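Following: one structure in structure tokens, then a few remarks.
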Amino acid sequence: MSMRIGHGIDVHAFGPGDHVTLGGVRIAYEKGLLAHSDGDVVIHALCDALLGALALGDIGHHFPPSDPRWKDADSRQFLRHCAALVAERGFMLANADISVVCERPRLAPHVELMRQRLAQDIGCPVADVSVKATTSEKLGFTGRGEGIAAHAVVLLQARPVAAPVQARDDAELHAFVERVAAEVEANVARPEDADPDTVQWQAQDKHAP
Ligand SMILES: [Zn+2]
């Protein structure tokens, strides 16, 4: 079976604010995260891992900070876009493992909701998405409370269902990934049935800037 592995890392510094958004979950805190978008390091690292697995560059190429459209953007739309690219290229998520590093705020109470939101946007079972919160034992910039870092690793496997679509636009891509999500939910997608011959790897990158 065709498989791809990807890795992503993201860091944002704390700044003025009253909450942080991590894994699509708004968490009340005495500071915010400095970013052009909502500063969701968890989603940004995960997107970079998904794009990395497809060798499609990084999130900055797909959603340039210079583009006013992404000012204060909800990063969940970035994740849905990356998930659509994964499906379009004939792959699905085998699993994702994410580590978030900060001293504060305390993330443990929010980890389950993060997993649910990420799985929802990817269109996969919650069991395939792991989120772990850790500290750096007061060492380094995360230890000094200057910011939050996130690391993500993903494994993609060839989709066991129909050949990839050639989406004409984002709307068609998103409709496709929603259909894939519904199939996963209905347990139609069975990895053991995957036939690598039905999956076409599209080397051409039509999404590059
Ligand atoms: Zn970021």
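The values are calculated or read from the model by the stated rules, or taken from the named source; none is laboratory data. Computed from a predicted model, the values in this text were never measured in an experiment. A quick note on method: Cβ atoms are made from the backbone with ideal geometry, for glycine too, and the neighbour counts reach across all protein chains shown.
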Residue within region 91-105 that is closer than 30 Å to Gly140 by Cα and in a helix (DSSP H, G or I) present: no
Residue ID - nearest to Ala87 (Cα to Cα), chosen from residues in region 37-58 that are out of contact with any helix residue (DSSP H, G or I) (no Cβ under 6 Å at 6 or more places or on another chain) and within 12 Å of the ligand (Cβ to nearest atom): Leu46
Enumeration of residues in region 5-32 that are out of contact with any helix residue (DSSP H, G or I) (no Cβ under 7 Å at 6 or more places or on another chain) and aliphatic (A, V, I, L, M): Ala13, Val20, Ala28
Selected residue (only one of Leu34, Leu22 is surrounded by 19 or more Cβ atoms within 10 Å (Cβ to Cβ), at pLDDT 95 or above and not small (Gly, Ala, Ser)): Leu22
Hits in region 4-18 - residues which are more than 16 Å from the ligand (Cβ to nearest atom) and either aliphatic (A, V, I, L, M) or within 21 Å of Glu112 (Cα to Cα) (or both): Ile5
Filtered residues of region 106-145 (kept if surrounded by fewer than 20 Cβ atoms within 10 Å (Cβ to Cβ) and hydroxyl-bearing (Ser, Thr, Tyr)): Ser130, Thr134, Thr135, Ser136
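Yes/no matrix, rows are residues, columns are (1) more than 16 Å from the ligand (Cβ to nearest atom); (2) under 16 Å from Val153 (Cβ atoms); (3) over 11 Å from the mean Cα position of the chain (by Cα):
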{"site": "Ser2", "(1), (2), (3)": "yes, no, yes"}
{"site": "Gly60", "(1), (2), (3)": "no, no, yes"}
{"site": "Leu85", "(1), (2), (3)": "yes, no, yes"}
{"site": "Leu118", "(1), (2), (3)": "no, yes, no"}
